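Structure first, then comments.
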Amino acid sequence: MNFALTEDQVLIRDAAESFLADVSTSEAVRAAAGHPYGYDVEVWQRLSAELGWCSIAVPEALGGMGLGAPELVLIQEQAGRHLLCAPFFSTVCLAANLIDACATAAARERLLPAIAGGELRVTVGLGSSAEDWTDVAAAVRAHRTADGWVLDGCIERVPDGVSADRLLVWAQVDGESEPALFVVNLDAPGIEVAALQTWDATRHLSRIALRGVSAVVGADASMRIDDPQRVATGRVRSAALARLYLAAELLGHAQQCLDLTVAYTAERKQFGRPVGGFQAVKHRCAEMMVRIESLRSGVYGASARAASGADGAQGSAELARECAMIKALAAQTAFYCAQEAIQLHGGVGFTWEYDPQLYFKRAQAAHHWLGTPEMLRARVADALLN
Amino acid sequence: MNFALTEDQVLIRDAAESFLADVSTSEAVRAAAGHPYGYDVEVWQRLSAELGWCSIAVPEALGGMGLGAPELVLIQEQAGRHLLCAPFFSTVCLAANLIDACATAAARERLLPAIAGGELRVTVGLGSSAEDWTDVAAAVRAHRTADGWVLDGCIERVPDGVSADRLLVWAQVDGESEPALFVVNLDAPGIEVAALQTWDATRHLSRIALRGVSAVVGADASMRIDDPQRVATGRVRSAALARLYLAAELLGHAQQCLDLTVAYTAERKQFGRPVGGFQAVKHRCAEMMVRIESLRSGVYGASARAASGADGAQGSAELARECAMIKALAAQTAFYCAQEAIQLHGGVGFTWEYDPQLYFKRAQAAHHWLGTPEMLRARVADALLN
Amino acid sequence: MRLDETPEDQAFRAEVAQWMQEHLNGRFAALKHRGGPGDEEADPALRKDWERELAAGGWTCVGWPQSCGGRGLSIERQVIFHEEYARAGGPGRMGHIGEGLIGPALIEFGSPAQKQRFLPRIVDGTEFWAQGYSEPGAGSDLANVQTRCWQEPDGSWRVQGQKIWTSLAHESDWIFVIARSEPGSKGSKGLSFLLLKLDQPGIEIRPIRQLGGGSEFNEVFFDGAVAEADHIVGAPGEGWKVAMGLLQIERGVSTLGQQMHFAYELDLVIQAARRSGRGDDPAIRARIAEAWGGLQVMRYNALRMLSPSEGGGLQLGREALIYKYYWSNWHRDLGKLAMDVLGPDADVISDDPAIRPLQQLFFFSRADTIYAGTNEIQLNIIAERGLGMPREPRPAA
Amino acid sequence: MRLDETPEDQAFRAEVAQWMQEHLNGRFAALKHRGGPGDEEADPALRKDWERELAAGGWTCVGWPQSCGGRGLSIERQVIFHEEYARAGGPGRMGHIGEGLIGPALIEFGSPAQKQRFLPRIVDGTEFWAQGYSEPGAGSDLANVQTRCWQEPDGSWRVQGQKIWTSLAHESDWIFVIARSEPGSKGSKGLSFLLLKLDQPGIEIRPIRQLGGGSEFNEVFFDGAVAEADHIVGAPGEGWKVAMGLLQIERGVSTLGQQMHFAYELDLVIQAARRSGRGDDPAIRARIAEAWGGLQVMRYNALRMLSPSEGGGLQLGREALIYKYYWSNWHRDLGKLAMDVLGPDADVISDDPAIRPLQQLFFFSRADTIYAGTNEIQLNIIAERGLGMPREPRPAA
């Protein structure tokens, strides 16, 4: 039991911090948000190929660093702080996590090394409930054919759907209680990607319709990949980790909102004093710090549990409960801090030009991703009270 | 449409304010709380017989002043501010209100003049749900006998049960959809009054068991009194008014908590300055004032609606919704202000000797009376959304 | 304390409702519920026509004295007018700065010539006004005015400096400005109150883009801009008095009737909750009930604020102090509730009339707690004036 | 960042658990979960016996160096000990002021003679301590000490004045006091740190009745009370340094393991919710889930606070600043939740072991956000030290 960061973890965090401070400036974020992909491909290549961020949580045997949740959480925190525009969340935090937890050995061997090497961008539908992917699966149906499967349905919110190479598809299969997991090529016939114009432009979402998309056994790109032995526990665990990585990002948003506010109120004078010298302003910044540091404890703690804990059904259920709680807390903390940042910036707080609005819009969008605080707390309460 | 107090209303409020400032001091309240009745009988006699407070809302034809909710609300606000210990809430705000709204003309003529004259103390069970007396009725059953009725059951929380003369009993009758209303003599055979030792000692509660209590038709004191034409609407309206009068009392608690806090922080010095000069303290007192003044607007407004509105089923339902909302708001405001008063008093705030604890305990007790904020909001939401 | 109305009041209410029903129609139907805060850029040309339609019906400046071209309505009748206007979906008023701010200021402080020149064109909807108070370096510290003005030998005034948060400056004809006429003076002393034509070479208007994408606020730059000699209101150096009187007005009657618009927004939220299924979530239900309760309270707040006080006169006392803080925070919370009720659809930019106004509400209501006195300034004022607590220590200037 | 324990740590955890299971038994069984904050008056005589039972097992002062009679446990092992102690329902420690406050202060600042005289009796549970910091006129302004002391010709010290909020003074043998030894000095200068026997003619103890009815706090009056010549800690006039070092300790390790007691309380709340039916109310369910989440966070807060920092040494930095504010407000909210969950039964004074502790929690947790640094002081400290915001202006004294 030791809660200090290891030397390697400190290195990873500091490298992410300085890289992102450099490439993910306010101007860069605004430029990336306007790009059809929603990010600067060169930045993505640098972080995936040069810096190796995509390989961090991939097992060593599959070409990764063999690290895990604590390290990804540190990257995600910095990504959130600097509003990194890149398919990192979709490819690494959602897809690779899911493949690692749920897929067959063959699929893992085929997909994870390519992800680790930064050669493959993979995405998956982002649910908006407290369920573990079953909400996303509910809208897609897989029918067995002579040589494989056909997929039909619609996935409402797919991050980086326009630019990804592959799409993971959760689908219902008649007669099976667990949803099935497929990977399909995004340029396969029958796939229609419609980009959504969202207020939060720092993470591009698409709606993807699947009309008779074929996943043929033995085909190169499109196939069913769930491992029947692992999928039940794996989808719980991978959804928990997805919530954790999202929470880490929200932690970064909240921290940046506080930092921006402390800096602005130190400069801005009213009634002959820096605004930050007024006690009411100080107390509100202090309240933000309390919530942020507590959230950080929670995020780091849950990541340590993920790294230390048993990954059986019991361990996954406990992790799921803790990550549900932490995502609920993170969503509320990020929104609270963005709201306070706007308020304490005064008039410029609600302008397009200053940055608090970017975090504010992201916090509101993320409120629903993978379940609202209300839904997640109801899930935790069910576990505690029933 | 005129929201100003009339001259008479100002007189009533000012008289209540000065009388209570005189007789309901901190010492008097603590003494009364220790009395078996929970109040000083002399104070009760003065306010009921001399000052005529019990007659305010009784119709002129029945010996009252013929005024109504706006005037009672002003009295209750002052009663709350000074934590008046007296059977005024039970007799006037609950029982007389209920009799006026639900009872037959004969019962009204028999009971209301005696109440107006201060000769009769009547009480009724205090529910703890968002229902309109049906929760209290659920625990008592009335059986028809040859010459009247027999009552069996238990009433959990009866204010002033030890000292009252009469008890109103809501009861279920087989085959009737509306509950029936009875009045019984509190010294009737089969009635057992057990005083409850409560943390809030400023309103004494009892548990009253009814074992074969007889209410004989034509008897003097115990009988069935509901008017079948009026009871369905009347119980909705009288429960709404009971919530309103309770809210007015809670408004008074909240106001006094703020006043105590402003006075204490003006005197108390820390770091060489009055505590009340620290901006964080000022903002928190200001926040209390915003909530209190808003609650006052809501209480006065609902009382004006009660005085102005139609009292049919539609009007009663609207009044019920508004009074449910205002009681929810009042409970939260009173607790919030009591909590802030304790906190901003610092160390002395959590002592027995200082007064904030009295309001704090009352606010917590009242949280449940006639429904918690959660229950009441759920009721309002049902009306708005369904 | 009465909520019921006299038969005469009821008849007046019906008259307003009927006029609105008859006139907010045809080409004006597109304006229903449009042009409020956050939506002020909606079709300004048509809304100017609507102002003239209102004027033709005698429904502008209803609270002004008849001698000034108004209707001389009592407070109660003004409440009724504003409520029915909003209930009918009457659009945000292009003329509100003229009618609600500078007009009343001119009635109180203006010269007879100024009244004659300006008031009729406010009443008939032919001239529109912008306000020039805030400055970039001042913010809540309103009296920290850096914009300078001086008088030329010909008696005209020149203005040099910058104002900010000027709504609809690009759609307005005139602007009133407070500027420092006594060099070296500090705070509220030595300021003058001037009226300037906006369409002149010395004035440049730059829109400020808000977080929701709209640009109804502007920066206005003055580079030797000219005000005519007799377009100073009050004596030179005594402009603060005029400005403060005008802010009192802003916090008073001019926000009336907004509850009806808020009620419309709450109704949109309730409809969205039914549609999205979030209306089944108990936490969302509780927040909707709370919002509804807050709206009742807000109306009673307004009625108390506008009722004659015990001593006679308007009771713009303790109640008025809390009014702005209450409604702006309520409204901001409603915006958040609206987004949470819409669910993930809230994040997609939409033209759906069931979604777009809720998104605008969410974004624009962020400004509600900042403009016209931030939350923090409001709480200071409430503590100091409402509760008599010690004033903030101000360092020696 | 690791949560898993080494086999050696696991074995130690089992050892503590087993010892507690074997010893918190028989006559000590009545002490389970008793004697915590708000319940400190519970059977002090038996709890003193329990201290000696602990001492016999070597379980007092587990974090002290072995040279001072302690066990010299690492921070990790201390966490484990405190967690298992609380998990087993170990009672509130009568010795906690000796073990957690004055002992460590003497280890750091005391003379060899003082260590020899006092430490062994803290370790063996034969002498109990009270603290004399707060004064009625000082409150959060700790350095505003009015209590005076002076040295007599024989070298002994005399103390004159009053201390307040002294827990369990009537059950203690000794008290440490900070008093002004340099007349005319101000603030933190000119103070001395003295150790006094409580049982002497110059000391009077008066209980303060709290809102929940208990009286674990006292006022202590000093009227020429005597401290022996060599019972001053640190140099005369430099008592503030000792006092501040001691407060650092209070905010550190000595609150460890409280989460286990909080977990026990939360479990009582959950049981009460199941029993009362309020556990079906979605709003109550959400609050229970939130409380559970807050407890997880609190444990991680503590683990972060107690982990070696990147540069080595204890990371009592940013994390430590938030620690007290977080737990005290969480605990206060839990008290309110407990009452709301009990429903109307909460209002009836009860001896039911399923109800009484929750009522005590509700009342006593009101003090949590006030003692040992009020919320307001905590937020000042967090803003100033944690965020580097400007210090509060202090008027010239």
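Here D:G58 clears all of (1) of a type outside the set (F, W, Y); (2) away from chain A (no Cβ under 14 Å); (3) touching a strand residue (DSSP E or B) at 6+ places or on another chain (Cβ under 8 Å) except the condition numbered (3).
Which of the residues belonging to the stretch D:153-173 are among the hydrophobic types (A, V, I, L, M, F, W, C) and in contact (Cβ under 8 Å) with a residue 60 or more places away in the chain?
First pass over the stretch D:153-173, keeping only residues among the hydrophobic types (A, V, I, L, M, F, W, C): D:157, D:159, D:164-165, D:168-169.
Selection gives D:W157, D:V159, D:W165, D:L168.
Annotation: of all residues in the stretch D:318-369 being in contact with a Lys or Arg (Cβ under 7 Å, 6 or more places away or on another chain) and basic (K, R), the one that is farthest from D:G293 (Cα to Cα) is D:R366. Of the residues making up the stretch B:309-368, just one is surrounded by 21 or more Cβ atoms within 10 Å (Cβ to Cβ), closer than 30 Å to B:T233 by Cα and at pLDDT below 95, namely B:S316.
Okay, residues lined up against (1) of a type in the set (K, R); (2) not in a loop (DSSP other than H, G, I, E, B):
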| site | (1), (2) |
| --- | --- |
| D:R77 | yes, yes |
| D:Q114 | no, yes |
| D:P120 | no, yes |
| D:E127 | no, no |
| D:G139 | no, no |
| D:Q146 | no, no |
| D:C149 | no, yes |
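Can you find even one residue in the stretch B:353-374 that is more than 15 Å from B:L244 (Cα to Cα) and within 11 Å of chain C (Cβ to nearest Cβ)? Yes, because at least one residue in the stretch B:353-374 is more than 15 Å from B:L244 (Cα to Cα) and within 11 Å of chain C (Cβ to nearest Cβ).
Whether any residue in the stretch A:262-270 is of a type in the set (S, T, N, Q) and out of contact with any helix residue (DSSP H, G or I) (no Cβ under 6 Å at 6 or more places or on another chain) is what I want to check. Yes, the stretch A:262-270 contains a residue that is of a type in the set (S, T, N, Q) and out of contact with any helix residue (DSSP H, G or I) (no Cβ under 6 Å at 6 or more places or on another chain). On the stretch given as the stretch D:176-190, residues that are more than 30 Å from D:E127 (Cβ to Cβ) and basic (K, R) total 2.
With the requirement that a residue be within 7 Å of another protein chain (Cβ to nearest Cβ) and either among the basic types (K, R) or not in a helix (DSSP H, G or I) (or both), what does the stretch D:273-298 give you? Within the stretch D:273-298, D:R274, D:D281, D:R285 meet the criteria. Residues that are farther than 18 Å from D:W50 by Cα, within 14 Å of chain A (Cβ to nearest Cβ) and not charged (D, E, K, R) within the stretch D:71-91 comprise D:L73, D:S74, D:I75, D:Q78, D:V79, D:I80, listed in sequence order. Residues that are buried (at least 24 other Cβ atoms within 10 Å of the Cβ) and within 14 Å of chain C (Cβ to nearest Cβ): does the stretch B:229-242 have at least one? So far as the stretch B:229-242 goes, yes, one or more of its residues are buried (at least 24 other Cβ atoms within 10 Å of the Cβ) and within 14 Å of chain C (Cβ to nearest Cβ). Within the stretch D:124-140, the set of residues being within 14 Å of chain B (Cβ to nearest Cβ) and surrounded by fewer than 18 Cβ atoms within 10 Å (Cβ to Cβ) comprises D:P136, D:G137.
Could you tell me whether any residue of the stretch A:255-263 is within 7 Å of another protein chain (Cβ to nearest Cβ), touching a Leu at 6+ places or on another chain (Cβ under 6 Å) and more than 28 Å from A:A96 (Cβ to Cβ)?
Yes, because at least one residue in the stretch A:255-263 is within 7 Å of another protein chain (Cβ to nearest Cβ), touching a Leu at 6+ places or on another chain (Cβ under 6 Å) and more than 28 Å from A:A96 (Cβ to Cβ).
Scanning the stretch A:326-369 for residues that are of a type in the set (F, W, Y) and part of a helix (DSSP H, G or I) gives A:F335, A:Y336, A:F350, A:Y359, A:F360. Of everything in the stretch A:50-64 that's surrounded by fewer than 19 Cβ atoms within 10 Å (Cβ to Cβ) and within 20 Å of the chain's Cα centre (by Cα), which residue is nearest to A:D355 (Cα to Cα)? Out of the qualifying residues, it is A:L51. For the stretch B:163-185, the set of residues classified as part of a loop (DSSP other than H, G, I, E, B) and surrounded by fewer than 21 Cβ atoms within 10 Å (Cβ to Cβ) consists of B:D165, B:D174, B:G175, B:E176, B:S177, B:E178, listed by residue number.
Which residue, of B:Q229, B:Q255, is out of contact with any helix residue (DSSP H, G or I) (no Cβ under 8 Å at 6 or more places or on another chain) and either at pLDDT 95 or above or polar (S, T, N, Q) (or both)?
B:Q229
Any residue in the stretch B:222-234 that is of a type in the set (A, V, I, L, M, F, W, C), out of contact with any strand residue (DSSP E or B) (no Cβ under 8 Å at 6 or more places or on another chain) and outside any loop (DSSP other than H, G, I, E, B)?
Yes, there is a match, as at least one residue in the stretch B:222-234 is of a type in the set (A, V, I, L, M, F, W, C), out of contact with any strand residue (DSSP E or B) (no Cβ under 8 Å at 6 or more places or on another chain) and outside any loop (DSSP other than H, G, I, E, B).
If you go through the stretch D:345-385 and keep only what is within 14 Å of chain A (Cβ to nearest Cβ), buried (at least 21 other Cβ atoms within 10 Å of the Cβ) and either over 18 Å from B:R273 (Cα atoms) or touching a residue at least 24 places away in the same chain (Cβ under 8 Å) (or both), you end up with D:T369, D:T374, D:N375, D:E376, D:Q378, D:L379, D:I382, D:A383.
Residues in the stretch B:47-87 that are of a type in the set (V, I, T) and either outside the structural domain of B:D100 (by TED's automatic domain parsing) or in contact (Cβ under 8 Å) with a residue 60 or more places away in the chain (or both): B:V73, B:I75.
Right, C:S188: over 26 Å from C:G38 (Cα atoms), within 14 Å of chain A (Cβ to nearest Cβ) and small (G, A, S) or not? Spelling it out, C:S188 is indeed over 26 Å from C:G38 (Cα atoms), within 14 Å of chain A (Cβ to nearest Cβ) and small (G, A, S).
I'm checking my understanding of the structure. Among residues of the stretch C:5-39 that are in a loop (DSSP other than H, G, I, E, B), within 14 Å of another protein chain (Cβ to nearest Cβ) and under 22 Å from C:V62 (Cα atoms), which one is modelled with the lowest pLDDT?
Of the stretch C:5-39, the ones in a loop (DSSP other than H, G, I, E, B) are C:5-6, C:24-25, C:32-39.
Of the ones still in play, those that are also within 14 Å of another protein chain (Cβ to nearest Cβ) are C:5-6, C:37-38.
Filter once more, keeping what is under 22 Å from C:V62 (Cα atoms): C:5-6, C:37.
On the way: C:E5: 86, C:T6: 90, C:P37: 80.
Per the stated criteria, the residue is C:P37.
Residues in the stretch A:297-320: is at least one more than 8 Å from every other protein chain (Cβ to nearest Cβ), touching a helix residue (DSSP H, G or I) at 6+ places or on another chain (Cβ under 8 Å) and within 19 Å of A:C257 (Cβ to Cβ)? Among the residues of the stretch A:297-320, at least one is more than 8 Å from every other protein chain (Cβ to nearest Cβ), touching a helix residue (DSSP H, G or I) at 6+ places or on another chain (Cβ under 8 Å) and within 19 Å of A:C257 (Cβ to Cβ), which makes the answer yes. Out of A:V348, A:V290, one residue alone is of a type in the set (V, I, T) and farther than 26 Å from D:E290 by Cα. It is A:V348. If you check C:G343, C:G373 for being assigned to a helix (DSSP H, G or I) and at positive phi, only one passes: C:G343. Whenever a residue of the stretch B:89-104 is under 11 Å from B:T123 (Cβ atoms), its partners that are aromatic (F, W, Y) and crowded, with 24+ Cβ neighbours inside 10 Å, lying with C-beta atoms within less than 6 angstrom and at least six residues away or across chains, give the pairs B:C93/B:Y245.
For the stretch C:82-112, a tally of residues being hydrophobic (A, V, I, L, M, F, W, C) and either part of a loop (DSSP other than H, G, I, E, B) or farther than 29 Å from C:F193 by Cβ (or both) returns 3.
The values are calculated or read from the model by the stated rules, or taken from the named source; none is laboratory data. This structure is a prediction, so every number in the text was calculated from the model and none was measured. All Cβ positions, even for glycine, are placed from backbone atoms using ideal geometry, and neighbour counts span all protein chains on display.
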